[in-house]
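Heads up, the thing below is written out as structure tokens.
The values are calculated or read from the model by the stated rules, or taken from the named source; none is laboratory data. What you are looking at is a predicted structure, and each value in this text was computed from that prediction instead of being measured. All Cβ positions, even for glycine, are placed from backbone atoms using ideal geometry, and neighbour counts span all protein chains on display. SASA here: full protein model, heavy atoms, side chains in, ligands and nucleic acids out. Shrake-Rupley method; radii C 1.70, N 1.55, O 1.52, S 1.80 Å.
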Number of protein chains: 2
Amino acid sequence: MRNRFDSQLEILSNTIEEMGSLVEDSLRAAIETLSSLDRATAKHIVAADKEIDQKQKEIEGLCLRLLLSQQPVARDLRLISASLKMVGDLERIGDQAADIAEIVAYTDPSDAPIQLEAIPAMGKATLLMLGQSVSAFTDRDLHLARHVIDSDDTVDACFASAKRELVQIVKNNESRAESAINSIMVAKYLERIGDHAMNVAQWAIFAETGTHHGVSLINGATEIDDK
Amino acid sequence: MRNRFDSQLEILSNTIEEMGSLVEDSLRAAIETLSSLDRATAKHIVAADKEIDQKQKEIEGLCLRLLLSQQPVARDLRLISASLKMVGDLERIGDQAADIAEIVAYTDPSDAPIQLEAIPAMGKATLLMLGQSVSAFTDRDLHLARHVIDSDDTVDACFASAKRELVQIVKNNESRAESAINSIMVAKYLERIGDHAMNVAQWAIFAETGTHHGVSLINGATEIDDK
């Protein structure tokens, strides 16, 4: 029954949106703890990562069940295989948000990450990329997906700028070593979050067009004739 | 043509073995740099991670092409979807090996990670788990896959022991803060490598049995009748 299949695809899409919201909440909260240094909230973020992991397993199970039982073809098949992959990127973003929170949660406040100028810009850019990448995926919005991919340059530029800022601070002996190390780790986690949001956008493009990292895999579909 | 499909599955299996070897070489070399402190080798490991990323994209492309063009069913479908997922875990192990090498490559030797007693044991255990998990996957060896999953307890116990060692060293003021931080990062990367090797083993079990995190998804296959 096509209707049953469609309703399962809708459940899949809704569950991806739910996971996206959880990860977005976690990242937003983690970024906020960098200025609030609220250790209780930070510990809560670390603990809540389990819920995101659980959501990932749920979506993987949904995708595999759909693949095994419904033998989808064409766009449906691309959508389900892309979903199976993109949740891995969402889960990594969740991990990295938790890693940022962990630094705040388990570091003495005197060793807290330095409030580098580039960090708030990185936080803002990655949070936007994350939300947009999930929307691009669930709304089948190719234009938005391409915008997310372009936005990663901004995050990379901020990361380079954060490193330059930090080198200056360390040279001038203006911070404790622990703070400097924590700062660069936060910047690195944010930079990787940008990469994963870009991957989500790339999976959105694959689901819609069959193009994987610039290579069209749809032409390969003519191989069906070879069977 | 079934023969053509079989030969493509063989290419897939061989390419997974190749990727597994690259990641294993990288991890082995990264662990060695922890005692040799050979920064040239460490920099080479960091640079070589690109090759692993490339291999991942190649395997993903192969899997997606097979899914889209050959419409596999039953075990073949489980094998291909499991392959699509497990390369994500192999890539993360590659990343973490590169992260370990990066610490050696870009840290002043006086800040090098402390040679904690638990680290060589963790290195040995994770390297073994990695090789065994890939073998379990390509040889369809359920017994070996379950052994890998059990082995993760050893890695977790070593991680706990590394933390205890480090707390003692820091309390006795026997190390620089940078060294202590680098040590705990190395231990944490190794602990995560164990988790990813365990995931690879879980995908091996899914490919063979249709069981995903303890839930059988094969029963769902009866839903085909609903179509």
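Here are some notes:
- A:Asp108 within 14 Å of chain B (Cβ to nearest Cβ) and open to solvent by 60 Å² or more (accessible area, probe 1.4 Å): yes
- Hey, A:Val215 under 17 Å from A:Asp153 (Cβ atoms) and within 14 Å of another protein chain (Cβ to nearest Cβ) or not: no
- Qualifying residue in the range B:116-130 (condition: open to solvent by less than 20 Å² (accessible area, probe 1.4 Å), within 14 Å of chain A (Cβ to nearest Cβ) and more than 23 Å from B:Asn199 (Cβ to Cβ)): no
- Residue check, B:Leu190 in contact with a Ser or Thr (Cβ under 8 Å, 6 or more places away or on another chain), under 30 Å from B:Arg39 (Cβ atoms) and within 14 Å of another protein chain (Cβ to nearest Cβ): no
- The residues of the range A:67-79 that are under 21 Å from A:Glu17 (Cα atoms) and in contact with a Ser or Thr (Cβ under 9 Å, 6 or more places away or on another chain), listed by number, are A:Leu67, A:Arg78, A:Leu79.
- Residue within the range B:30-52 that is within 19 Å of B:Gln8 (Cβ to Cβ) and in contact with a helix residue (DSSP H, G or I) (Cβ under 7 Å, 6 or more places away or on another chain) present: no
- Criterion: open to solvent by 40 Å² or more (accessible area, probe 1.4 Å), closer than 30 Å to A:Leu67 by Cα and over 19 Å from the mean Cα position of the chain (by Cα) - qualifying residue of B:Glu10, B:Glu18: B:Glu10
- Among (1) within 12 Å of another protein chain (Cβ to nearest Cβ); (2) open to solvent by less than 30 Å² (accessible area, probe 1.4 Å); (3) in contact with a strand residue (DSSP E or B) (Cβ under 9 Å, 6 or more places away or on another chain) - the single one A:Gln202 does not satisfy: (2)
- Residue under evaluation B:Ala97, criteria (1) out of contact with any Ser or Thr (no Cβ under 8 Å at 6 or more places or on another chain); (2) in contact (Cβ under 8 Å) with a residue 60 or more places away in the chain; (3) more than 7 Å from chain A (Cβ to nearest Cβ), criterion not met: (1)
- Failed item in (1) open to solvent by 20 Å² or more (accessible area, probe 1.4 Å); (2) modelled with pLDDT of 95 or more; (3) of a type in the set (D, E, K, R); (4) closer than 29 Å to B:Leu90 by Cβ, with A:Asp152 passing the rest: (1)
- The range A:47-70: number of residues that are surrounded by fewer than 17 Cβ atoms within 10 Å (Cβ to Cβ) and of a type outside the set (Asp, Glu): 5
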